[in-house]
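Here's the structure we're looking at; comments come further down.
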Amino acid sequence: MSTKPSEILYLDNNATTQVDPQVVAEMMPWLTEQYGNPSSVYRLGRLAADAVEKARSRVASLLKCQAEEIIFTSCGTESINSAILSACATDPDKRHIITSTVEHSATIKLCQQLARRGWEITSLPVNSAGCLELECLKNAIRPDTAIVSLLWGNNETGVLFPIQEIARICREKNVLFHCDAVQAIGKLEVHPSQLGIHYLSLSGHKLYCPKGVGVLYVGKRVRFTPLLYGSQENSRRAGTQNVASIVGLGKAAELAAQHLTEKRIRIYRDTFEQAILKALPGTEVNGDPAQRLSNTSNIYFPSTESEAALLLLDHAGLCCSAGSACSSGSIHPSHVLKAMDMSNERARSSLRFSFGRFNTEAETQSAIQIVVETIQKLKQHSPNNGPVSTAAAPSWL
Ligand SMILES: *Cc1c(COP(=O)(O)O)cnc(C)c1O
């Protein structure tokens, strides 16, 4: 039984994406009759191994790198952890790590853990537009810097870091560079070997593939210390491969290359954003509007509370996001918006909309209508037009 509402307007593609039906079709045999273990020597196993290698070549061709540089993992988080921990293990005398204040929690939480174990962490600040100063990076690199780990495209604001320059600085200073390209892949050209990036992380479920599969690119001249020990993936990532999902990721990579030049998603995002800014006075875009992923719009709605807005939008069938939910289900103001020097009030009054391959022009138009009506309703009910408290929200929901 499906519990998905019949009319759902999904504008949360930075959280996860719908699996492309072509990916599902390619995966099906590997979930049914083709159940071999890729490490087995008989035909059933060899077929699975061939399928994994085909997927590896497809991912390599999207990244314009060599197949041997691709390691399949269980998720983006594992790839990120593996890259940073590899650098720490490979050169244990280097006890300094550089990252930024706006990274994904996979990077931030690992660095907090490493700080407890004695590593020194420099978190580079961003300006109010979410951009990074290259001078800050240059000044932060030290002889004992083990690795620089930075996002390419920010999952909350879409703001892009200048990865080409960052990679060049790291090369010049002879320090390892890991790039979290989970949001960049499929939206822009990501060619790590051409840029001299040492490690790069990807995730399947942000690329129209199922959850639970990821990629770690490791440049062929880069030393690598595994996170898990065992024999698979050339002893670089142990554990029997998730054949079906890896096959799916290969197909997803092929489709990503075909969709890369498409302007459709950017047009929906821009149409949506401009209509909202025009219809709702006082609204503003969070993050540099030019240096941004083409699908993401993070908008400040003054005198509204994002938690109440999310409830109402969900009621109308629209999925978007605000900050990150904690275990109790309530929402923390986004650490990314806070790092951009925004007030708590602004961070709590902002929503992220992220478009994807399966959105349509008609959906864009309904989304505009739903968001405008919802925010207007929210403001009418807001006492003195100040922020609405969520405690007051349910009585008139
Ligand atoms: C989703 C995401 C991750 C984590 O990927 P998972 O596969 O969910 O572990 C890491 N970085 C960014 C930027 C992301 O958006």
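Return the only residue of 52, 59 being within 16 Å of the ligand (Cβ to nearest atom) and either modelled with pLDDT of 95 or more or assigned to a loop (DSSP other than H, G, I, E, B) (or both). Full working, then the answer.
Values: 52 fails: within 16 Å of the ligand (Cβ to nearest atom).
Criteria check complete, one pass: 59.
For residue 14, indicate whether it is surrounded by 20 or more Cβ atoms within 10 Å (Cβ to Cβ) and either within 16 Å of the ligand (Cβ to nearest atom) or more than 24 Å from the chain's Cα centre (by Cα) (or both).
Details: surrounded by 20 or more Cβ atoms within 10 Å (Cβ to Cβ): yes; either within 16 Å of the ligand (Cβ to nearest atom) or more than 24 Å from the chain's Cα centre (by Cα) (or both): yes.
For residue 14, the condition - surrounded by 20 or more Cβ atoms within 10 Å (Cβ to Cβ) and either within 16 Å of the ligand (Cβ to nearest atom) or more than 24 Å from the chain's Cα centre (by Cα) (or both) - is met.
Can you go through 194, 112 and tell me which one is more than 27 Å from residue 338 (Cβ to Cβ) and of a type in the set (S, T, N, Q)? Talk me through it step by step, then tell me what you get.
Details: 112 fails: more than 27 Å from residue 338 (Cβ to Cβ).
None of the others qualify; the one that does is 194.
Please specify each residue of the stretch 68-81 satisfying the condition of being part of a helix (DSSP H, G or I) and either touching a Ser or Thr at 6+ places or on another chain (Cβ under 6 Å) or over 11 Å from residue 106 (Cα atoms) (or both).
We begin by selecting, within the stretch 68-81, every residue part of a helix (DSSP H, G or I); these are 68-69, 76-81.
Answer for the stretch 68-81, where residues must be part of a helix (DSSP H, G or I) and either touching a Ser or Thr at 6+ places or on another chain (Cβ under 6 Å) or over 11 Å from residue 106 (Cα atoms) (or both): 68, 69, 76, 79, 80.
Working only within the stretch 332-359, note down all residues that are open to solvent by 30 Å² or more (accessible area, probe 1.4 Å) and in contact with a helix residue (DSSP H, G or I) (Cβ under 8 Å, 6 or more places away or on another chain).
Within the stretch 332-359, 333, 335, 338, 344, 346, 348 meet the criteria.
Regarding the stretch 327-345, can at least one residue be identified that is aliphatic (A, V, I, L, M), assigned to a strand (DSSP E or B) and modelled with pLDDT of 95 or more?
Narrowing the stretch 327-345 to residues aliphatic (A, V, I, L, M): 331, 336-337, 339-340, 342.
Then drop every residue that is not assigned to a strand (DSSP E or B), which leaves 331.
After this cut, where a residue has to be modelled with pLDDT of 95 or more as well, the list is none.
No, the conditions are met nowhere in the stretch 327-345.
May I ask you to list the residues in the stretch 72-101 that are within 16 Å of the ligand (Cβ to nearest atom), surrounded by fewer than 23 Cβ atoms within 10 Å (Cβ to Cβ) and aliphatic (A, V, I, L, M)?
85
Which of the residues that make up the stretch 248-286 are in the same structural domain as residue 71 (by TED's automatic domain parsing) and over 21 Å from the mean Cα position of the chain (by Cα)?
none
What residue, among those in the stretch 102-135 that are open to solvent by less than 20 Å² (accessible area, probe 1.4 Å) and part of a loop (DSSP other than H, G, I, E, B), is farthest from the ligand (Cβ to nearest atom)?
130
List the residue pairs whose Cβ atoms are under 6 Å apart, where the first residue sits in the stretch 172-201 and is under 23 Å from residue 236 (Cα atoms), the second is within 16 Å of the ligand (Cβ to nearest atom) and of a type in the set (Asp, Glu), and the two are 6 or more positions apart or on different chains.
Sorted first by the residue in the stretch 172-201, then by its partner, the pairs are 201/180.
The values are calculated or read from the model by the stated rules, or taken from the named source; none is laboratory data. Nothing here was measured: the structure is a model prediction, and the numbers come from that model. Every residue, glycine among them, receives a Cβ derived from its backbone with ideal geometry; neighbour counts consider all protein chains shown. Surface accessibility is based on the protein's heavy atoms, side chains included, excluding ligands, DNA and RNA. Shrake-Rupley method; radii C 1.70, N 1.55, O 1.52, S 1.80 Å.
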